[in-house]
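The values are calculated or read from the model by the stated rules, or taken from the named source; none is laboratory data. The structure displayed is predicted, hence computed values, not measured ones. As a convention, Cβ positions derive from the backbone with ideal geometry for all residues, glycine included, and neighbour counts pool all protein chains shown. Ligands, DNA and RNA are stripped out before the accessible areas are found, and what is left, the full protein with its side chains, is counted by its heavy atoms. Shrake-Rupley method; radii C 1.70, N 1.55, O 1.52, S 1.80 Å.
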Amino acid sequence: MTSSLFSILPSTVLFFSFAIIFSAPYGAEAWLKPKIPISSLITKTLFDSFFLHKDDTACPAKDFYSYDSFILASKSFPAFGTTGCLATRKREIAAFLAQISHETTGGWATAPDGPFAWGLCFKEEISPQSNYCDSTNSQWPCFPAKSYKGRGPIQLSWNYNYGPAGKALGFDGLKNPEIVANNSVIAFKTGLWFWMTEQKPKPSCHDVMVGKYVPTEADIAANRTAGYGLLTNIINGKLECGIPGDARVNDRIGFFQRYTKLFNVDTGPNLDCAYQQPF
């Protein structure tokens, strides 16, 4: 006759084990549960419904931004779209896709299916006004004859962004910035890298969307309140924030409202940055 496991365990150990299993607080239980992959929150069908025209012949990025590339890139950032409750996770994914949609939009006011169905139409900036080289930045020096113009879904720009993005993701962003417009997985990774990375004094977009943003005294004085509008401030606040009724800000909001509706979640408060001071 074999002894049962329970019969050989001391009663104190048994009690402690049961206490962990049945009495652990919610936060302690949560880490025991496997995270829901974002592919279960945003399926290919849903992704395609967001980006109805990204593969039209009119879009220069036709066939570049695939669903599979997005999902593969997201696996390098396991906290993206997996942090917080289900609504928070969906809202973060919607916010990211909305912001990159504005950055790459090919839409116009009377476009088929509306202006907010034309995200991911461009993979690089057309007719840039400069080569986006900050020659005063000695940490990430520009490589001769290279342009650090906007590329990828977040329109990564400037040598001081290409350098650290490349270092974090395993490519030479200063010598080979073109790869961001030539490799769709790397392109999505640069967007997610920007989203997930704190660049002080700016918080990360991720922290804002999952409730981890803690405003400093300077943030409070500048009215930089948590919400979708703060993401716009992080991404392009110097040009778009502090301007009531700015068309670019409204375009970002339009994408977000459409995507959250498709996700069946609310947008949350503070959608614009009209009365926020830029970082």
Query raised in the report: Quick one: is Thr110 closer than 19 Å to Leu262 by Cα, modelled with pLDDT of 95 or more, surrounded by fewer than 18 Cβ atoms within 10 Å (Cβ to Cβ) and not charged (D, E, K, R)?
Result: no
Report task. Name the single residue, out of those in the range 158-200 being among the polar types (S, T, N, Q) and within 16 Å of the chain's Cα centre (by Cα), that is least open to solvent (accessible area, probe 1.4 Å). Result -> Thr190
Requested in this report: Could you check, for the range 153-161, whether at least one of its residues is touching a Leu at 6+ places or on another chain (Cβ under 7 Å), at negative phi and outside the structural domain of Gly81 (by the TED database)?
Outcome: yes
Query raised in the report: From Lys75, Lys90, which residue is among the basic types (Lys, Arg), in the same structural domain as Met209 (by the TED database) and either free of Cβ contacts under 8 Å to residues at least 60 places away in the same chain or in contact with a Lys or Arg (Cβ under 9 Å, 6 or more places away or on another chain) (or both)?
Result: Lys75
Report task. Could you list, in sequence order, all residues of the range 77-132 that are assigned to a loop (DSSP other than H, G, I, E, B) and closer than 17 Å to Leu41 by Cβ? Result -> Phe77, Pro78, Ala79, Phe80, Gly81, Thr82, Thr83, Gly84, Cys85
Query raised in the report: Do we have Gly254 as at positive phi, buried (at least 17 other Cβ atoms within 10 Å of the Cβ) and not β-branched (Val, Ile, Thr) here?
Result: no
Query - the range 152-168 residues that are without any contact (Cβ under 8 Å) to a residue 12 or more places away in the chain, paired with ones that are open to solvent by 30 Å² or more (accessible area, probe 1.4 Å) (beta carbon under 7 Å, 6 or more apart) - result: Gly166/Asp172
Report summary line: Filtering helices (runs of 4 or more DSSP H) wholly in the range 151-214 for at least 1 residues that are closer than 25 Å to Thr267 by Cβ gives 184-196, 205-209
Requested in this report: Answer with yes or no whether Ser130 is out of contact with any Gly (no Cβ under 7 Å at 6 or more places or on another chain), hydroxyl-bearing (Ser, Thr, Tyr) and either over 25 Å from Gly170 (Cα atoms) or open to solvent by less than 40 Å² (accessible area, probe 1.4 Å) (or both).
Outcome: yes
Report summary line: Among Lys90, Lys123, the single one that is over 19 Å from Ala58 (Cβ atoms) and of a type in the set (Lys, Arg) is Lys90
Requested in this report: Identify, from the list Ser17, Ser39, Ser69, Ser49, the residue that is modelled with pLDDT under 95 and either assigned to a helix (DSSP H, G or I) or surrounded by fewer than 17 Cβ atoms within 10 Å (Cβ to Cβ) (or both).
Outcome: Ser17
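Quick grid of which residues meet (1) among the hydroxyl-bearing types (Ser, Thr, Tyr); (2) in a loop (DSSP other than H, G, I, E, B); (3) without any contact (Cβ under 8 Å) to a residue 24 or more places away in the chain; (4) not assigned by the TED database to the domain that holds Gly211:
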position: Gly237; (1), (2), (3), (4): no, no, no, no
position: Lys261; (1), (2), (3), (4): no, no, yes, no
position: Thr267; (1), (2), (3), (4): yes, yes, no, no
position: Cys273; (1), (2), (3), (4): no, yes, no, no
**Report entry** Cβ-Cβ under 8 Å pairs, at least 6 apart or on other chains, the range 38-57 side more than 23 Å from Pro112 (Cα to Cα), far side not in a helix (DSSP H, G or I)
**Finding:** Ile38/Phe80; Ile38/Gly81; Ile38/Thr82; Leu41/Gly81; Ile42/Gly81
**Report entry** Qualifying positions in the range 234-248 - open to solvent by less than 70 Å² (accessible area, probe 1.4 Å) and touching a helix residue (DSSP H, G or I) at 6+ places or on another chain (Cβ under 7 Å)
**Finding:** Ile234, Ile235, Glu240, Cys241, Asp246
